Amino acid sequence: MSQGNPLTALLEDWRRRAGTIRQYGGEAPARALEACAEELEAALRRKDRTLLTLKEAATATGYSASHLGRLVRAGTIPNAGRPGAPRIALRHLPRKARGAGSPGSRPALARDASPPQVSKATIVRSIIEGKSGE
């Protein structure tokens, strides 16, 4: 796996595993795993392009819009908008430290947008089992 972004490393790992599965005759599961990688890659590209107003960013992070505005003016968070109409790129949202396990321990945007965590092994197993059930 690569040393950079863990999601990019996951993409590389899925594609490598698809090649291995294909070597052992698992064409359909390999294609399914590659399709998952493509969907994740597309979602990452959308995330990189998503811009939020200060109010939207405040809702997503739990910080106030005025505090986020100060961070943008100070250059702590890059302004993805223009002077007088700042925007914050989704990838640059700050994370508010909260106690683990508390109801609001993740920002609202993360709670709403994150799919349940599923291991790679579970995904591959379900693909293979789904194929054998045909």
Working out 0.36 nm times the residue gap between Ala74 and Ser126, then minus their Cα-Cα distance, what length gain in nm do you get to one decimal?
13.9 nm
Using a 1.4 angstrom probe on heavy atoms only, work out the carbon and sulfur share of the accessible area of the stretch 46-91 in %.
52
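The values are calculated or read from the model by the stated rules, or taken from the named source; none is laboratory data. As the structure is a prediction and not an experimental result, all values here were calculated from the model. These accessible areas exclude ligands, DNA and RNA; they are computed on the full protein's heavy atoms, side chains included. Shrake-Rupley method; radii C 1.70, N 1.55, O 1.52, S 1.80 Å.
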